[in-house]
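A short worksheet on the structure shown next.
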Amino acid sequence: MEQFRLASSLAAMALFATLLVGAGPPTAKASDPGSPSAADCKAQDDLTFLCDMLNPEDLVLLPGGRWILNGQYQPSPTAGTRGPLRLIDTKTRSWRAVKPVVSKASRARANDKSIAQLGKCRTPPDFSAIAAHGIGLRRPKSGPPIVYVINHDTTERIEAFEVHKSKNSPQFSWIGCLEAPGKLHFNSVAITPGGTVFATVLLADGQMSREIHKGSVVGGVYRLASGDTAFSRLALSLSGPNGIEVSPDGKTIFIVEMGKKRVHGYSLADLNKPIGTAELTWFWPDNLHWDENGQLVTAGMDRNKWNPTSADQTCANGGVPDPAIEEQCKRIYYVVSINPRTFVASVTAKGNEQQEFSNVTAATVANGWVWIGSHKGNRLAFRPVEKSDGQR
C-alpha cells in the first residue's frame, strides 16, 4: 500500500484550495477571527446566513431530516482556528456546538468487528478544537447511527460518534477512532451499514493541483473492511477523488471525480467498471451526500465563470487568476442533485458568489431549503430550493 508524507499532501491541498476556490447562542466569540457583525451577516440575494460559523466545509443530514452535522474545517492542526462540531436545526434555523461524551459503543454492537477497530485510539480528541474535514454517516442494521469525522489532528484520525435520540436534539457519544496509515491525508469518508469504511485522498505526495485541472490521475480511494487491520487502496484510476457515499443497502459506492467533473457509481461486488456516471462538466463537484429526498447532492464552483467587480479586470472569465488576487475573483456556485438510479443530474441551486460567501464545497436539502457550506468563510448559507430543468 502506498504511503505519503503528510506535509507534502497538506501543501498540495492548500494550493488546490487557493486555485479553486440550535438552541442557545452561537459559539463564536467576538474575538474570533473573521467573526461577522449582525449587520455584516444580513441576507443577500437569495441567501440567508447562519453567522459565526468558520469554515463550514461539509454537511451531513442526520436520520429524521431535521438536523445537520457540520465541522469547522482546517487542513492541518496548525493551519488556523479549530472548533467544535456543530449541530444545525433546520426547523428553527439555528445552531449549537456539539458537546459529546465519551462512552462505550451500544450493547447492540457487541459482536461488531468494525467497532473493535475503533479501540486503538486510547484518548478522545479535544471536542472544542477539532480540525474537521469530511463527515460520513453510518446507518447500521441495529443500534444508533454513527458519524465518522475526519480530524487533521497532530495525527490523522477519523473520529467515531454514536448519535442518540433525545427530547431536544441528538446527543453524541465518542466511541473511538481510526488512525490513517502512513500519514495519509484523508478528504471524505463513507461507511456501509456493515461497517466497511471508505476514504478518499484528493492529492498524494508530490501531486499538484494543476494535475486535477488537467484531469490527470491523482489521489486514491481507500477501504477498511470490517475486521481488517489496515486500509488498502482500491484499484481505481481517478482524477482527484473527493466526495464519497454508499447506498443505504451497502452495495453501491458513489465517488466524485473532481478532475473530470463527474460522479461515478460502482457496485462493490465489481469495481472494474462504473454502473453509471453523472457528467457535471460545468463545475467542480466537491462533497457528496444524501438529502431528505433520497437524492445524492454535490456542490462546488463554476469551472471558469468568475464574478469580478466592475473595476477588476484580472478575473476574466475562462482564466485562472493569479493566487495573489484570487480572493477578489468570486466564482459562481452550483448545487446539483443526482438520481442514484438513473444518474440524471439537475440543478437545485445556482448563484453568484459574494465577497462575504464564497468557496462553496457542500450542500444538502432539508425542510424545503438548500443548505450550503464553504471551506473558507465565517458563515453557512441556506436558500429555497430552485426548480430547474437540469440545464446550467
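Things worth noting here:
- With R₀ set to 22 Å, the beta-carbon distance separating Leu268 from Thr229 gives a calculated FRET efficiency near 0.65.
- Segment Lys167-Thr277, extension gain: residue separation times 0.36 nm, minus the distance between their alpha carbons: 35.5 nm
- For region 187-290, the relative contact order works out to 23 percent when only alpha carbon pairs closer than 8 Å and six or more residues apart are counted.
- log10 of Debye I(q)/I(0), alpha-carbon scatterers only, for region 81-125 at 0.23 Å⁻¹: -0.90
- Residue separation of Asp45 and Thr342 scaled by 0.36 nm, minus their Cα-Cα distance, works out to 103.7 nm of gained length.
- Think of each Lys and Arg Cβ as +1 and each Asp and Glu Cβ as -1; about the Cα centre, that makes the dipole of region 62-193 roughly 540 debye.
- Label zone (Ser142, point 7 Å along Cα-to-C-beta; backbone nitrogen cut-off 18 Å) within region 172-214: 193-196.
- Across Lys113/Lys165; Lys165/Lys376; Lys99/Lys251; Lys273/Lys330, pairs whose alpha-carbon gap is larger than 28 Å: Lys165/Lys376; Lys99/Lys251; Lys273/Lys330
- Radius of gyration and Dmax over the Cα atoms of region 160-214, both given in Å: 16.4, 50
Bear in mind these aren't lab numbers, they're just calculated from the coordinates by the rules spelled out. Nothing here was measured: the structure is a model prediction, and the numbers come from that model. All Cβ positions, glycine included, derive from the backbone under ideal geometry; neighbour counts span all protein chains shown.
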